[in-house]
Amino acid sequence: MATIAIVGAGPGLGFSIGKVFGQQGFEVALIARRRSTLDDMVGRLGELEIPAGGYQADIMDRASLVQAFKDIAANHSPVEVLEFSPAPRGPQPGLVLAGPLDVSVANVQPHIDFYVHGAITATGQVLPDMIERGTGTLLFTTGPSSVEPSPAMGNVGIACAALRNWVLNLHDTLASKGVYAAHVPLSLSADEADPETIAPHYWNLHTRGEGAEHLLSGDVLRAAPRTEES
């Protein structure tokens with residue numbers, strides 16, 4: 001049995017991705033800041049007879065994130081899939097929005113810590129083993145500002161675009177090592193952002209293992225089948 005580790009797991013998309021992979025035979029390791037959220041998701045997955053564990057960590061506290069992966073390694077099968085999709089839920093110190101004219105080192109750095117340093121830290125905990133095994137999938141989720149400039153997210157876009165650049169380079173570098181890395185920017189309106197509809201696409205990306213970037217828009221969701229068997 002293999003494990004999917006979901007960093008930034010929440011009751012929406014993170015939970016739905018865990019459910020899809022769990023129904024395909026994966027163990028599910030959820031990483032989030034709030035213990036109550038983790039316990040609720042683990043309980044709901046348990047009701048579906050999906051083996052799952054919740055691991056509390058703050059992406060801005062890299063030591064806690066490293067420890068979460070140590071605990072996952074002690075309690076689960078090897079991590080075959082890493083899905084990184086953190087999104088601030090509620091106020092967090094320093095994570096503010098700024099337009100292009102208001103961008104500063106002070107309001108960009110926290111987003112770089114959150115998205116870029118968080119992704120690098122999480123990846124570093126699983127990638128060496130993936131390379132050694134010659135198999136694994138790394139999926140990194142961002143919003144549309146990583147691909148298309150959005151003035152309202154002038155500082156966030158800098159961090160997300162930097163993460164995208166790294167993931168695209170990872171994709172090319174890992175192609176010969178049996179490890180698949182891809183960037184998944186979500187560009188969805190509120191009425192299109194249904195986690196139950198979006199989550200099966202992550203399974204499809206894992207099983208296909210093709211392409212460095214997969215924009216998920218309403219048109220893509222409507223055109224694709226819900227789930228493909230491996």
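The values are calculated or read from the model by the stated rules, or taken from the named source; none is laboratory data. A quick note: this is a predicted structure, and the numbers were derived from the prediction, not measured. So basically every Cβ, Gly included, is an ideal-geometry build from the backbone, and we count neighbours across all protein chains shown.
Overview of results
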{"quantity": "Residue match in the range 172-182 (condition: under 28 Å from Q109 (Cα atoms) and within 16 Å of the chain's Cα centre (by Cα))", "calculated": "yes"}
{"quantity": "Matching residues, the range 4-48, being touching a residue at least 40 places away in the same chain (Cβ under 8 Å), assigned to a helix (DSSP H, G or I) and either of a type in the set (A, V, I, L, M, F, W, C) or farther than 20 Å from A122 by Cβ (or both)", "calculated": "L13, F15, I17, K19, V20, F21"}
{"quantity": "Residue satisfying condition, being in contact with an Asp or Glu (Cβ under 8 Å, 6 or more places away or on another chain), among the hydrophobic types (A, V, I, L, M, F, W, C) and on the phi < 0 side of the Ramachandran plot, within set I112, I31, I17", "calculated": "I17"}
{"quantity": "Qualifying residue in the range 152-165 (condition: exposed (fewer than 15 other Cβ atoms within 10 Å of the Cβ) and either free of Cβ contacts under 8 Å to residues at least 40 places away in the same chain or among the acidic types (D, E) (or both))", "calculated": "yes"}
{"quantity": "Selection count where residues are surrounded by fewer than 16 Cβ atoms within 10 Å (Cβ to Cβ), in contact with a Gly (Cβ under 9 Å, 6 or more places away or on another chain) and under 14 Å from G136 (Cβ atoms), scope the range 178-218", "calculated": "1"}
{"quantity": "Selection within the range 126-144 - in a helix (DSSP H, G or I) and crowded, with 22+ Cβ neighbours inside 10 Å", "calculated": "V126, M130"}
{"quantity": "Where Y115 falls short, out of the listed (1) over 30 Å from T207 (Cα atoms); (2) in a helix (DSSP H, G or I)", "calculated": "(1)"}
{"quantity": "Verdict on E27 being among the acidic types (D, E), crowded, with 18+ Cβ neighbours inside 10 Å and touching a Pro at 6+ places or on another chain (Cβ under 9 Å)", "calculated": "yes"}
{"quantity": "Test result for V156, under 25 Å from A106 (Cβ atoms) and assigned to a helix (DSSP H, G or I)", "calculated": "yes"}
{"quantity": "Residue that is more than 16 Å from the chain's Cα centre (by Cα) and at pLDDT below 95, where the choices are P51, P91, P86", "calculated": "P91"}
{"quantity": "Residue among P88, P144, P110 that is within 19 Å of R164 (Cα to Cα) and free of Cβ contacts under 8 Å to residues at least 40 places away in the same chain", "calculated": "P88"}
{"quantity": "Selection from the range 1-60 of residues that are of a type in the set (S, T, N, Q) and closer than 14 Å to V81 by Cα", "calculated": "T3, Q24"}
